[in-house]
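What follows is a set of notes on a single structure, which appears directly below.
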Amino acid sequence: MSNAETPAGVHITLDGVEIEAKPGEPIIEAAERAGTFIPRFCYHPRMRAVGVCRMCLVEVSGPRGFSLQPSCYLQVAEGMQVITNSEKVKKAQDGVLEFLLVNHPLDCPVCDKGGECPLQDQTLAYGPGESRFVEEKRHWEKPIEISKLVLLDRERCIQCDRCVRFANEVASDPFIDFAGRGDHTEVSTFPDGEFASYFSGNTVQICPVGALTARPYRFKARPWDLEEAESTCTACSLGCRMAVQFSRSEVTRFVGIDSEVVNHSWLCDLGRFSYEALDSDKRLTEPKVRYRSEMAEVSWRDAMARVGSHIRSFTAGHGAGSIAFLGGAGFTNEGLYSFVKLAKTAIGTDLFDADLDGGVPASVVFASPRATLTEALAAKVLVVASADVREELPVLFLRLNDAVKKGLRIIEISEVETSISPLAVERLPLSAARVALALQSGGPDAEHLGALVAASAGEEGEGAVFLLGKSNFADPSTVYASLAAATAKKWPAAKFLFANSRANIFGAMDLGAVPGWLPGRVATAPSDDAGQIIARAADEPMLLFLLGVDPLAELPDTALVRSALDNSTVVVIDSFDSAAAAYADVVLPVAAYGESAGTTTNFEGRVTRLGQAVVPKGQSKPDFLIAAEIARELGMPSGPTAPEAILAEMSRELPLYRGLAYADLASNRYPDGLVVPLERKAVSISARPRKLDPIATPGLIAPYHQGPAKPFASEAEAGKAEPGADSPKSPRVQLPEFAIDPAAVSVAADGRLRLLLTRRLYRPTAQLAAAPILSQLTAKAEIRVAPSTLEAIGASDGSEVKLIGDHGTEVLVVAKSDKSLPDGVVQGRLGDGANLLQLVRTGTWATYVKVGSN
Amino acid sequence: MGAFSPEMRERAESLVALYPERRSALIPLCHLAQEEAGYLTQPFMEEIAELTGTTPAEVYGTASFYDMLHTEPVGKYLVGVCTNIACLLQGGGELLEHAEQALGVAAGGTTDDEMFTLEEVECVAHCDKAPAVQVNYRFFGPLTGESFDNLIAKLRAGEYDGVVPPHGTLVRVRRENGIEVPLEEVFAERREMDRAKAERKAAAEAAKAKEGN
């Protein structure tokens, strides 16, 4: 929001000083901006005010003189007089705190919140000092496990309603509520029920007392022992800002940072608790090479020598084209840049593919005008055609949920019902291929979609944003490329976001870690993608570098992958032990999250800083260092080996990154990072110092980066030149043409069903498996079919059925009935217990299976 | 599938249809469930959540808030002894103590034969008959230990069957929520109540006359 849009202010008198407030804002916010902190418990800037804790009572003038009013609930009005420091207010605060402490145990010395507790802190600052209550306090059974991750100590609860409001309003998972009445009031799940939300950790983060605690953190650390590094979550490509807190070189927890443009302080549980894996014994910590049939731990020198000799012998024997790099989307930008430089310059191979999902390809991403998240949420209409956002980019679901309440219009294109369906004004139950073909050749589906978009954004799609991503993981990426291309052609004024969800996949694209591209969005000759590389590796000798990926778990056509790995010389560069590591000839341990600094790029193209909290575990090394050492092993110059220096080289060499400096990203001026290329300016909201409100996210050590943007505080530095403002406009990439085969939408005869593969948040990965508590949530594989289909195959809801692929592969999997699915489709939900990806054959337009009852 | 019988399910659906917001039917549906099962079992709460577009946790939250909604098993007769000021002065406390001994359960408990659940209640607006007792929201009083035992014996013997319906039966609630209750049913209940009232009055008068003699 620019200053021009800000409506005229309202004038109120705060403790005798006239201040300007935004119309409609609560007193507590106006006061806070003016520098007066009013104590509070239930008020949270990202949630609806309820005024239940009474801590924020202030004196407000009214028709009958001054009276005590909750400042979080009462909106400012012209001429209002507010007193926050009178005897009467002080007495109210005393009373409220004494009352809250009547039943609150004084177990602070053993409470996890002790030391960062809003109740503790505000009692000290505003409390009466003594209690008149001498009776027995409440006792409850403790702790109660309300989910696998969250524990509840009810006697500590002060009924502020933050967790219940979060679950209900923000996450739309109202699985907890207040039960009972009076002093028996407790936060409760349904008896035998569970707070089964992907976002449950946020309730722990916002609890103003120690009532809700996270099992992975409980009794692990004291707040005053914690140090903090600001960082970005890499569980998906949304890039939520968060603080990595650590103690004695051990990561102890992640806390969400309130970034106005990305995550509003929320994290998903997968991101929040993924640190559990960092200290597990499933970490790869030593370089290993294969001697005869055994893997032996060796020094880095010996491992590097082995890698070097492999590269030299493959180059000499089969040409550089026999060396391929798969993965890397989990690496830092600096690591990716170094590896791409190694592959494409030092070694001379073009075979590099970071997107094992085969999502929307870089050629489409670069050619489409990209929206920022802020633009997408303020769009006239947002068309979502991707896999379930809550499963792929979880916190984006929270942002969309919030935006829809504020008036965003969403049109969804999805064959299956998703978390977005209830938010959308309409769901078109069409496959991506159907829509792509319809847009190319016209027809009723295209007309209908056209009319829906035109209703808000006109024929050209001005102000419309499309969120496009792979919705069926059995499809080839060409389907999504053609959908994106056809969409961009039909709505030339629309903007796009892409839902490829691997952590730094957009950084990987920008840095040329995808087929057909060089660093800096520079096109080169087309080359093979991951599927084609694997197909080649099954036939001819190849040297495969696996950069933090397990193709066995992540690529379709498992049998082919297995023979490719068998047939190739494999170098695994990973932090976690995976099935693919069993095929390795060399294993190089790479520093895991929080163990090295660098930057990452999110789905908007936003580059943010990754903070280093602890030293790499065991012998592991940062990704960029490993690339540099391999280069040195080959007798090439290794280039810079510190992340700041690598980023400096990137911004010097690549126009895409021109003007980007590590120091800027680390400064208060760009707390939310910068969107590349910087010519778009945009994006960054300037510094919003916010020294107040340690209550919104207790435990955050440096909360000055937090909080909603404050356009009212005037963009003081707006006159200052943005970094990169003078950089030349980068040339527009031409949108390629894609042909889609009608086979992609053909209906199979002979009772075969089209396979539609979707993923869930807790999909089995090496990192999830290494997290002791989080891994209990690992999704189980299952299929869903229409009730009539289930009946037709003679199976019952929840029984095991046999899926038979076109090439004879058989998979046993549990089948469930789902009314929302059409006939002729089987939705396979990927997970543990059955490998549904093996039914897919690389290079087919659509996958069909037969279902037989077992 | 559901906890409601088909007939009750139909009533429940028509009840939901009465409100612009589905969730407004939550409390009436809880009463409906109690009428069918005596208390709110988990399957009922789950079905109510489904009917009202809420989650079981929200239904449980609401149900646990209100005294007239029970999430634990309740005997056929819910016996509430008032211990608020008027009744207390007239011996409500002693009556509750007596009731606990007579029924063999503490306040809040249910007898082993699942006939009686004993509760200590706040004022039931029957102060003129203090100490007052309510059985399934039908009022009795003033009661002594002896007349309490008498009442229990009669309830046990089925002598009040027409007057005190089993716990959960709330004809009026249903009517006020627009559910059609056959008029004969209402009148029959009213007649039965009137008859019992007249009987009690006659008995009281007879006792008075006897005393007078």
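Values quoted throughout were computed directly from the atomic coordinates according to the rules given, and no laboratory measurement underlies them. Just so it is clear, the model here is predicted, and its values are computed rather than measured. Cβ: placed from backbone, ideal geometry, glycine included. Neighbour counts: every protein chain shown.
In loop segments of the range A:352-447 as defined by DSSP, the trypsin sites (Lys or Arg not before Pro) with at most 11 further C-beta atoms inside 10 Å of their C-beta are A:Lys406. Label positions at A:Lys405 and A:Glu155, each projected 7 Å from the Cα along the C-beta direction, are separated by 3.4 nm. Averaging the Cα positions of each part gives two centres, and for the range A:593-613 and the range A:795-854 these lie 38 Å apart. Determine the distance separating the Cα centre of the range A:203-226 from the Cα centre of the range A:253-326; give it in Å without decimals. Comparing the Cα centres of the range A:203-226 and the range A:253-326, I get a distance of 31 Å.
Here is the list for the range A:218-269: trypsin sites (Lys or Arg not before Pro) lying in DSSP coil, each with at most 16 other C-beta atoms within 10 angstrom of its C-beta, are A:Arg218, A:Lys220, A:Arg248. As a rough footprinting exposure proxy, the listed residues A:Asp528, A:Asp281, A:Asp388 were ranked by other beta carbons within 10 Å of their own, and the order from fewest upward is A:Asp281, A:Asp528, A:Asp388.
Overall, the range B:1-138 carries a charge dipole of about 360 debye about its Cα centre when +1 sits on the Cβ of Lys and Arg and -1 on the Cβ of Asp and Glu, all other atoms neutral. Bridgeable aspartates and glutamates around A:Lys22 (alpha carbons under 17 Å apart, same-chain partners fewer than 8 residues away excluded): A:Glu5, A:Glu32, A:Glu78, A:Glu715.
By the compact-protein rule of thumb, 2.2 N^0.38 Å, the alpha-carbon radius of gyration of the range A:8-85 corresponds to a ratio of 0.98. With a Förster radius of 45 Å applied to the beta-carbon distance between A:Ala582 and A:Ile773, the computed FRET efficiency rounds to 0.95. From least to most packed, judged by other beta carbons within 10 angstrom and beginning with the fewest, A:Phe352, A:Phe273 follow the order A:Phe273, A:Phe352. Site pair B:Leu88 and B:Asp113 shows an inter-label distance of 3.4 nm when each label is modelled 7 Å from Cα along Cα→Cβ.
Panel order for A:Glu145, B:Glu36, by other beta carbons found within 10 Å of each beta carbon, from fewest to most: A:Glu145, B:Glu36.
At q = 0.08 Å⁻¹, what log₁₀ I(q)/I(0) does a Debye calculation on the Cα points of the protein assembly as shown give, no solvent, two decimals? Each listed q maps to, in turn, -0.92. Taken over the C-alpha atoms, the range A:747-853 has Rg and Dmax values of 14.1, 46 angstrom. Placing R0 at 22 angstrom, the Cβ-Cβ distance between A:Ala34 and A:Ala663 gives a FRET efficiency of 0.10 after rounding to 0.05. Placing +1 on the Cβ of every Lys and Arg and -1 on the Cβ of every Asp and Glu, with nothing else charged, gives chain A a dipole about its Cα centre of roughly 520 debye. When a/c reaches 1.5 or more, the comparison of a/b and b/c decides; with that in mind, is the range A:48-180 rounded, prolate or oblate per its Cα gyration tensor? The shape class here is oblate. State which entries of B:Lys76/B:Lys201; A:Lys220/A:Lys621; A:Lys113/A:Lys148; A:Lys380/A:Lys489; A:Lys621/A:Lys780; A:Lys344/A:Lys780 exceed 29 angstrom in Cα-Cα distance in the structure shown. Flagged as over cut-off: A:Lys621/A:Lys780; A:Lys344/A:Lys780. Would you work out which of A:Ser419, A:Tyr291, A:Pro519 lies farthest towards the positive end of the dipole of chain A, given +1 charges on the beta-carbon of Lys and Arg and -1 on that of Asp and Glu, about the Cα centre? Positive-end residue among those listed: A:Pro519. Seen against the Cα atoms of chain B and their longest principal axis, helix B:26-37 is set at about 60 degrees. Kindly express, to the nearest 10 degrees and within the range 0 to 90, the angle between helix B:56-65's C-alpha long axis and the longest C-alpha principal axis of chain B. Between helix and principal axis, roughly 20 degrees.
Here the range A:346-449 is assigned +1 on the Cβ of each Lys and Arg and -1 on the Cβ of each Asp and Glu. Its dipole about the Cα centre then comes out at about 560 debye. Rounded to the nearest 10 degrees, the inclination of helix B:6-17 to the longest alpha-carbon principal axis of chain B is 80 degrees.
Pop a pseudo-label 7 angstrom from the Cα along the beta-carbon direction at both A:Arg312 and A:Leu68 and give the gap in nm to one decimal. Each label point is offset 7 Å from its Cα along the Cβ direction, giving 8.2 nm. Give, as ranges by residue number, the residues of the range B:91-118 whose backbone N falls under 15 Å from the point 7 Å along Cα→Cβ of B:Ala153. Of the residues in the range B:91-118, B:102-103 have backbone N under 15 Å from the label point off B:Ala153.
Considering helices alone, the calculated mean residue ellipticity of chain A at 222 nm is -6500 deg cm²/dmol, with DSSP H runs of length four and up weighted by -39500 (n - 2.57) and normalised per residue.
The mean number of Cβ atoms from other chains found within 10 Å of a Cβ in peptide B:48-61 is 5, as a whole number. Among the residues of A:158-169, the average count of other protein chain beta-carbon atoms within 10 Å of the residue beta-carbon is 1.
Of the residues A:Ser568, A:Leu342, B:Ala132, the one whose Cα sits farthest towards the positive end of the charge dipole of the protein assembly as shown is A:Leu342 (charges of +1 on Lys and Arg Cβ, -1 on Asp and Glu Cβ, taken about the Cα centre).
What FRET efficiency do you get for A:Asp94 and A:Glu540 if R0 is 60 Å and r is their Cβ-Cβ distance, rounded to the nearest 0.05? Approximately 0.15, to the nearest 0.05.
Summing Lys and Arg as +1 and Asp and Glu as -1 over all other residues whose Cβ lies under 13 Å from the Cβ of A:Thr641 gives a net charge of -2. The residue list A:Ser788, A:Pro39, A:Met542 was ranked by how far each Cα lies along the charge dipole of chain A toward its positive end, using unit charges on Cβ atoms, and A:Pro39 comes out on top.
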